[in-house]
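Okay, structure first, notes after.
The values are calculated or read from the model by the stated rules, or taken from the named source; none is laboratory data. Just so it is clear, the model here is predicted, and its values are computed rather than measured. Cβ sites come from the backbone with ideal geometry, for glycine too, and all protein chains shown count toward neighbours.
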Amino acid sequence: MSKNMKTFEEVNYIVKSAPGFNKKLIEEISLSKREPDWMKELRLKSLEFFLKRPNPNFGVDISKLDINEIIPYLKPNAKKSASWDEVPEEIKDTFEKLGIPEAEKKVLAGVGAQYDSEVVYQNIKRQLSKLGVIFLDMETAVREYPEIVKKYFMHAVPPNDHKFAALHGAVWSGGSFVYVPENVEVPMPLQAYFMMASPGMGQFEHTLIIVDRGAKLHFIEGCSAPKYSVSNLHSGMVEIYVEEGATMRYSTIQNWSKNTYNLNTKRAIVGKDATMVWVSGSIGSAKTMLYPASILKGKGARAEHMNITYAGSGQHLDTGSKVIHLAPYTSSKVDARSISSDGGWAFYRGLLKVSKLAHHVKSSIECSALMMDNRSASDTVPIIEVMNNEADIGHEARIGRIKEEQIYYLMSRGLSEDDAKALIVRGFMAPIVKQLPLEYAIEFNRLVSMNFKSNLG
Amino acid sequence: MALLKISNLHAKVNDKEVIKGLNIEINYGEVHTVMGPNGAGKTTLANLIMGNPKYEITAGEILFDGKNIIGMPVNERAQLGIFQSFQYPEEIPGVTVRNFLKLAYDTIHPNEKMSIFDFGDMLIKMSDQLKIDRSFLDRYINVGFSGGERKKSEILQLNILKPKLAVLDETDSGLDIDALKVVAEGINNVIGPDIGILLITHYQRILDYVKPHFVHVFIDGKIVKTGGPEVAKELEIEGYESFVV
Ligand SMILES: Nc1ncnc2c1ncn2[C@@H]1O[C@H](COP(=O)(O)OP(=O)(O)OP(=O)(O)O)[C@@H](O)[C@H]1O
Ligand SMILES: [Mg+2]
């Protein structure tokens, strides 16, 4: 905990001396997107909150984050992409090892034209429209479906929720909008990737998903290849509404380049007998704060959070989950695992709340941390507040260093030390990684192996 | 040339001298049994042959196929053909026996390039032959295995990986009579002209099934007596005390 104390002073670092960050800039953004007035107002209100609110008093050190650095990328017509030469070698190297096709590399690196996913997407689009599913980029949705968007946009996470929610509200851009009508089961996972509008975007993307009564959706965000952007702040937001009896699964792989501050907000509001499943794998960024939240609002609502975090050299990843039980007979299950290696720092931060009215709640929380060496650090801070006596809460936390005996055992069967470590880590992650879509699981494993210079495919 | 030749070996663990001038020579085709009291240093010897970095060699020589292997990393020794079956095999959660053995097999026999399917067939055949339940293959390594199941899994690995030198550390301990037969059969199955075996045991009963060529009495860090199977019988009757010099 002590290492984390340095962020407890509430200094408003990020906006000190940011003369360009004002109402005029926000109006410009709104105008360029041809937005309705209500959205412009929401942006301006958010700006006010942002300027007023202190930084979070926990989590990663953001004292070096400077808003000036992102302003140039917010301006309409700004040069949003780097040139291929500017892309760090490390990232190019990873692309090689993952065998990413040339065209795709450039999009991921934030340079060059959009990867041509149009063809694939056209097909999917036809299927979806037959089912009545709306899947659009967020900006188009604001213009074409104002009544739905207005009803839900930043209601799960209001602009004054915290400082970066406010920042997001002021400058959001891009992202996906999905609406699944009642009782429709979307037959294939939808990928945010299809909605990548232009290179360099996706820093402040907003994802809004509404799964109507009895409907079912799997949404996949991100990709396992590293994403590079010249601007070093990513502050996205995901809002999900899972209506009565609906099922929603949200899978993420986060692999921002190692210069990025990744300060994300994800929240789902889960209705009666509905199910929300979060599966997240975080391996990139310099610093991350991410705690997907499920608000179990309807009787019998369920949430499952599965999270794997890998913090390597120079990284501080502060991840976790929040589950708020507001209704009776709601249940939740959290399985969070982290690996810290080469001086990395993985911090698990969890919140479980059971409100007074929520009787017969069931919840089990498990968090485990694996440290690969003594330069790396792990913490777990699970906060549990239970206001109702009729709750069945289970909690388990384990922090441990990788066992020499395990490495020796595997090496005695011919595996190199690097492969042995990679395999042990893979085994540790397996219950979560298996929950990711197959190709993502394979790539996630490969990324982790690469960190150990291991050749395990 | 001897498969394994250890001369005047001295070794420490945590600054305590455990091996105190040990000599042993094992040739291809031979089965050697090492018997000795608790704490004598038998497991330490197995670890030294395999190259466990926790143990420090202070004097002596370990030649494998004529080549000095002191200082050689553990995995390279495994690739040369050394195999250690563990007294207390480790658990590796999340990694199936099947996947692990395929990786191990590929590093130890890099030229065979066996497909996953052929390898799977080989695993199944071997499990059936050794009367080891096939479901073991898809369980995580040693996780939730009973003591006896762990030993059977070690024997399965021995049979799959086909080493040149197998150091079996109390692979017969803690087994019921059926499991003992499985383990003994698994050992007999690999015995042949291309392998040497060092069988560490406390019990005469395994020798009813596995016939050693040599029995060594191991006390306080060295071998104090070497003979044929009759030595094991002697031990059974007289205990170790008569061997303490
Ligand atoms: N890693 C270790 N750390 C500390 N002491 C050790 C270690 N390994 C072995 N020893 C010590 O070395 C001595 C020999 O141990 P070893 O395990 O080799 O005995 P053993 O002959 O295999 O005994 P057993 O029959 O009980 O298995 C013992 O006194 C033991 O406590
Ligand atoms: Mg022993």
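Return the pair list, or none, for Cβ contacts closer than 6 Å from residues in region B:157-173 that are at positive phi to residues that are within 16 Å of ligand 2 (Cβ to nearest atom), at least 6 apart or on different chains.
These pairs meet every condition: B:E170/B:Q87; B:E170/B:I200.
So how many residues does region B:49-88 have that are within 14 Å of ligand 1 (Cβ to nearest atom), within 21 Å of B:V190 (Cα to Cα) and not in a strand (DSSP E or B)?
The qualifying residues number 4.
Being crowded, with 22+ Cβ neighbours inside 10 Å and outside the structural domain of A:I339 (by TED's automatic domain parsing) is true for just one of A:S412, A:S416. Which residue is that?
A:S412
Looking at region B:65-84, can you tell me whether even one residue there is in contact (Cβ under 8 Å) with a residue 24 or more places away in the chain and closer than 21 Å to B:I132 by Cβ?
yes
Using the structure shown, decide if A:I393 is at pLDDT 95 or above and within 14 Å of chain B (Cβ to nearest Cβ).
Numbers: at pLDDT 95 or above: yes; within 14 Å of chain B (Cβ to nearest Cβ): no.
When the stated conditions are applied, A:I393 does not pass them.
Among the residues that make up region A:370-386, is at least one of them surrounded by 19 or more Cβ atoms within 10 Å (Cβ to Cβ), assigned to a strand (DSSP E or B), within 12 Å of chain B (Cβ to nearest Cβ) and modelled with pLDDT of 95 or more?
yes
Give the residue, chosen from B:L199, B:L175, B:L207, B:L180, that is within 16 Å of ligand 1 (Cβ to nearest atom) and either within 29 Å of B:L80 (Cα to Cα) or of a type in the set (K, R) (or both). Can you show your working first?
On the way: B:L175 fails: either within 29 Å of B:L80 (Cα to Cα) or of a type in the set (K, R) (or both); B:L207 fails: within 16 Å of ligand 1 (Cβ to nearest atom); B:L180 fails: within 16 Å of ligand 1 (Cβ to nearest atom).
Residue meeting the stated conditions: B:L199.
Quick one: which residue in A:L423, A:L436, A:L447 is more than 17 Å from A:S340 (Cα to Cα), hydrophobic (A, V, I, L, M, F, W, C) and in contact (Cβ under 8 Å) with a residue 12 or more places away in the chain?
The unique qualifying residue is A:L436.
For B:V183, state whether it is in a helix (DSSP H, G or I), among the β-branched types (V, I, T) and either farther than 24 Å from B:K131 by Cβ or in contact with a helix residue (DSSP H, G or I) (Cβ under 7 Å, 6 or more places away or on another chain) (or both).
When the stated conditions are applied, B:V183 passes them.
Which of the residues spanning region B:38-94 are within 14 Å of another protein chain (Cβ to nearest Cβ) and of a type in the set (D, E)?
The answer is B:E76, B:E90, B:E91.
Given the condition touching a residue at least 12 places away in the same chain (Cβ under 8 Å), touching an Asp or Glu at 6+ places or on another chain (Cβ under 7 Å), away from chain A (no Cβ under 14 Å) and more than 23 Å from B:T43 (Cα to Cα), answer yes or no: does some residue in region B:128-135 qualify?
yes
I'm trying to understand the selection: among the residues of region B:15-48, which are over 26 Å from B:E241 (Cβ atoms) and either within 15 Å of ligand 1 (Cβ to nearest atom) or part of a strand (DSSP E or B) (or both)?
B:D15, B:E25, B:I26, B:V31, B:N47, B:L48
Go through region A:404-415 and count every residue that is in a loop (DSSP other than H, G, I, E, B) and either more than 7 Å from chain B (Cβ to nearest Cβ) or of a type in the set (A, V, I, L, M, F, W, C) (or both).
Residues of region A:404-415 that are in a loop (DSSP other than H, G, I, E, B), as a first pass: A:412-415.
With either more than 7 Å from chain B (Cβ to nearest Cβ) or of a type in the set (A, V, I, L, M, F, W, C) (or both) added as a condition, the list becomes A:415.
Result for region A:404-415: 1.
Of all residues in region B:17-37, which are out of contact with any Ser or Thr (no Cβ under 7 Å at 6 or more places or on another chain) and closer than 24 Å to B:S173 by Cβ?
Selection gives B:L22, B:I24, B:I26, B:E30, B:V31, B:H32, B:V34, B:G36, B:P37.
Residue by residue through region B:112-158, note down the ones that are in contact with a strand residue (DSSP E or B) (Cβ under 6 Å, 6 or more places away or on another chain) and in a helix (DSSP H, G or I).
Within region B:112-158, B:D138, B:E154, B:L158 qualify.
So, in region B:95-110, of the ones that are among the hydrophobic types (A, V, I, L, M, F, W, C) and over 19 Å from the mean Cα position of the chain (by Cα), which residue ends up farthest from the other protein chains (Cβ to nearest Cβ)?
Result: B:L103.
Only one of (1) closer than 26 Å to B:A184 by Cβ; (2) surrounded by 13 or more Cβ atoms within 10 Å (Cβ to Cβ) fails for B:V95. Which number is that?
Only one criterion in (1) closer than 26 Å to B:A184 by Cβ; (2) surrounded by 13 or more Cβ atoms within 10 Å (Cβ to Cβ) is unmet by B:V95, namely (1).
Only residues that are within 16 Å of ligand 2 (Cβ to nearest atom) and in contact with a His (Cβ under 8 Å, 6 or more places away or on another chain): list them for region B:201-220, please.
Matches in region B:201-220: B:H216 only.
For region A:416-441, which positions are part of a helix (DSSP H, G or I), away from chain B (no Cβ under 13 Å) and among the hydrophobic types (A, V, I, L, M, F, W, C)?
A:L438
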